[in-house]
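The values are calculated or read from the model by the stated rules, or taken from the named source; none is laboratory data. These numbers were taken from a predicted model, which means no experiment stands behind them. Ideal geometry is used to build each Cβ from the backbone, glycine not excepted, and the neighbour counts take in all protein chains shown.
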Amino acid sequence: MILDKKNIQILDELQLNSRITNAELANRVGLSPSSTLERVKKLELSGIIDKYITLLNPRAAGYGCFTYVEVKLARHGVVPVKDFFKAVVDISEILECHHITGEADFLLKIATKNISSYEKLILHQLSALPNVQNLKTSVVLSTFKQETRLVI
């Protein structure tokens with residue numbers, strides 16, 4: 001799908017506020033409501049708009065410990081990678097799981113209520129996963145920038 005200037009404006013507005021009404025969105029991008037709605041539907045069908053979500057304030061929701069964990073596997077290949085993905089997909093504290101290059105094989109972004117709950121997660125779940133050779137944790141002290149908006 002070609003992203004013309006109007007589609008880019010629509011995407012920018014929706015990234016800032018996905019709850020904006022179609023009428024307000026149309027007004028901001030300078031199109032009729034019907035034309036705007038048609039463009040949004042096409043952006044959804046093409047997969048450019050993946051989903052609409054609500055971003056929570058993690059600390060206000062009771063999450064006080066954020067970590068990044070580098071995971072190194074003992075064995076490599078298609079099967080061990082798939083097995084690892086299957087094992088971590090249902091662990092709710094893992095917000096993101098990235099297959100990466102470098103010394104580690106995966107990078108996990110984890111949110112827990114506190115350091116004690118993080119310790120339990122490491123001891124009882126992550127270190128117990130099959131084929132995990134090494135875990136290296138970095139605890140987030142503070143966050144200066146956290147952006148979800150993609151510049152198009």
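Can you tell me how many residues in the stretch 55-73 are in contact (Cβ under 8 Å) with a residue 60 or more places away in the chain and either within 19 Å of Val88 (Cβ to Cβ) or surrounded by 10 or more Cβ atoms within 10 Å (Cβ to Cβ) (or both)? Give the steps one after another, and end with the answer.
Applying the first criterion (in contact (Cβ under 8 Å) with a residue 60 or more places away in the chain) to the stretch 55-73 yields 55, 65-73.
Next cut, either within 19 Å of Val88 (Cβ to Cβ) or surrounded by 10 or more Cβ atoms within 10 Å (Cβ to Cβ) (or both) only: 65-73.
Number satisfying all stated conditions: 9.
Determine, yes or no, whether Tyr52 is loosely packed, with under 12 Cβ neighbours inside 10 Å and aromatic (Phe, Trp, Tyr). Even if it seems obvious, please write down each step before you answer.
Values: loosely packed, with under 12 Cβ neighbours inside 10 Å: yes; aromatic (Phe, Trp, Tyr): yes.
Yes: the conditions hold for Tyr52.
Looking at the stretch 6-32, which of the residues that are without any contact (Cβ under 8 Å) to a residue 12 or more places away in the chain and farther than 21 Å from Thr148 by Cα is surrounded by the most Cβ atoms within 10 Å (Cβ to Cβ)?
Looking at the filtered set, the residue picked out is Ala26.
Go through the stretch 16-57 and give me each residue that's within 19 Å of Ile2 (Cα to Cα) and within 26 Å of the chain's Cα centre (by Cα).
Those that are within 19 Å of Ile2 (Cα to Cα) and within 26 Å of the chain's Cα centre (by Cα): Arg39, Val40, Lys41, Lys42, Leu43, Glu44, Leu45, Ser46, Gly47, Ile48, Ile49, Asp50.
Would you confirm whether any residue within the stretch 113-129 is aromatic (Phe, Trp, Tyr), modelled with pLDDT of 95 or more and part of a helix (DSSP H, G or I)? Don't jump to the end; show me each part of the working.
To start, the set of residues in the stretch 113-129 that are aromatic (Phe, Trp, Tyr) comprises 118.
Those left that are additionally modelled with pLDDT of 95 or more: 118.
Next, only the ones that are part of a helix (DSSP H, G or I) stay: 118.
Yes, some residue in the stretch 113-129 is aromatic (Phe, Trp, Tyr), modelled with pLDDT of 95 or more and part of a helix (DSSP H, G or I).
Restricting attention to the stretch 1-28, report how many residues are under 21 Å from Lys51 (Cβ atoms) and not polar (S, T, N, Q). Spell out the reasoning first.
Pass one, the stretch 1-28, residues under 21 Å from Lys51 (Cβ atoms): 1, 3, 7-22, 24-25.
Pick out the ones that are also not polar (S, T, N, Q) and you get 1, 3, 8, 10-14, 16, 19-20, 24-25.
Residues in the stretch 1-28 being under 21 Å from Lys51 (Cβ atoms) and not polar (S, T, N, Q): 13 in total.
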